[in-house]
Amino acid sequence: MSVFALLGAVLVGCGGGTADTAARGSASPSASASAGAAPGPATVRKAPPTMAPGPGGVTPVYTRRASQGGDKVVALTFDADMTADQGPRAAGGERFDNPGLIETLRRLKVDSTVFMTGRWAEEYPDQARSIGTDPRFEIANHSYSHYAFASPCYGLPTVEKRDMAADVRRAFDAFRKAGARNVVPYFRFPGGCYDDEALRALGPAKVTAVQWDVVSGDAFAKDAGAVAEQVLAGVRPGSLVVMHCTRSAAPVTEQAVRRIVPELRARGYRFVKVSDLMGTTP
């Protein structure tokens, strides 16, 4: 497989489907934010809703659920991917960020959730702080390394089970160091790959894992219209859409968003963060 084909498989895996097994639980307001989450400002903020852990502290998994009363809400989520070993590529000029996409979301007044890797926050601390202090956004955890938590997973290196919770905590530390405040105790598995062992290993990190039901197909896509059509065809009330905030690997995402947002609004949809979505579902 060529290098570009492998990279494409990895990024498609970031939005490539749900795992076969998922821990289920009831969404409920957490008594406090995750121990790894960055502290809030001086004013008291409402803790984001989370799901109760499963038996033995197993990490719960949140997927799409129809909102109460059939409210037409949708969560656009963006994975800010960067693996632990991609520093040389960034130093060589490859852009793993997409500031134009973030500005477009601001201009269109779209609330959204960015699932960020700790390595991305270290590479772009000013952007991580800007996103993480803007009430329009919230930062969720996409691991530190963007290595897989179950194998096989699109050719990604695999995190040892004993290191999984520490990898997640390390990402939260990177967000805090960058100065991000709007950090929520949610986690997205790299590649969407996980198993029961991973859910048990993540228990000490005290996060709610978040999956998706709409795959945008924006990874390495060159046709923004096709990406938009795929999203528009898949969205239902309560949907979670997975897209990417990585300029070199998802170059048409911003263009697709500029079409997706007005068309969904014309259908009566409101854009919400994952925390808002989780708080409105039974």
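The values are calculated or read from the model by the stated rules, or taken from the named source; none is laboratory data. In this text the structure is predicted, and so the values were computed from the model without any measurement. A quick note on method: Cβ atoms are made from the backbone with ideal geometry, for glycine too, and the neighbour counts reach across all protein chains shown. Each accessible area value is taken on the protein alone, full model and side chains, heavy atoms only, with ligands, DNA and RNA left out. Shrake-Rupley method; radii C 1.70, N 1.55, O 1.52, S 1.80 Å.
Ser248 falls short of the stated requirement of being closer than 22 Å to Met51 by Cβ and touching a residue at least 12 places away in the same chain (Cβ under 8 Å). Checked against the criteria, Ala171 counts as in contact with a Phe, Trp or Tyr (Cβ under 8 Å, 6 or more places away or on another chain) and either crowded, with 19+ Cβ neighbours inside 10 Å or not aliphatic (A, V, I, L, M) (or both). Scoring Ser145 on the criteria (1) closer than 20 Å to Ser275 by Cα; (2) not in a strand (DSSP E or B) leaves a single failure, condition (1). For the stretch 123-137, the tally of residues that are open to solvent by less than 10 Å² (accessible area, probe 1.4 Å) and not in a helix (DSSP H, G or I) stands at 1. What residue, of Gly118, Gly92, Gly87, is touching a residue at least 24 places away in the same chain (Cβ under 8 Å) and surrounded by fewer than 15 Cβ atoms within 10 Å (Cβ to Cβ)? Gly87 is the lone residue from the list that is touching a residue at least 24 places away in the same chain (Cβ under 8 Å) and surrounded by fewer than 15 Cβ atoms within 10 Å (Cβ to Cβ). Would you say Ala205 is surrounded by 24 or more Cβ atoms within 10 Å (Cβ to Cβ) and more than 18 Å from His244 (Cα to Cα)? It is false that Ala205 is surrounded by 24 or more Cβ atoms within 10 Å (Cβ to Cβ) and more than 18 Å from His244 (Cα to Cα). For the stretch 180-187, the condition holds for at least one residue, the condition being that it is in contact (Cβ under 8 Å) with a residue 60 or more places away in the chain, farther than 18 Å from Gly279 by Cα and not aliphatic (A, V, I, L, M). May I ask you to list the residues in the stretch 236-260 that are under 22 Å from Arg64 (Cα atoms) and surrounded by fewer than 21 Cβ atoms within 10 Å (Cβ to Cβ)? Within the stretch 236-260, Arg236, Pro237 qualify.
Within the stretch 98-113, can you find the residues that are surrounded by fewer than 22 Cβ atoms within 10 Å (Cβ to Cβ) and of a type outside the set (Gly, Ala, Ser)? Passing the criteria: Pro99, Glu103, Thr104, Arg106, Arg107, Leu108, Lys109, Val110, Asp111. Within the set of pairs 6+ apart or on separate chains, which have a first residue in the stretch 220-236 that is over 15 Å from Phe271 (Cβ atoms), a second that is at pLDDT below 95 and aromatic (Phe, Trp, Tyr), and C-beta atoms under 9 Å apart? From the stretch 220-236, the pairs are Phe220/Phe4. Every condition in (1) open to solvent by less than 10 Å² (accessible area, probe 1.4 Å); (2) closer than 25 Å to Glu94 by Cα; (3) more than 18 Å from the chain's Cα centre (by Cα) is met by Asp223 except one, and the failing one is (1).
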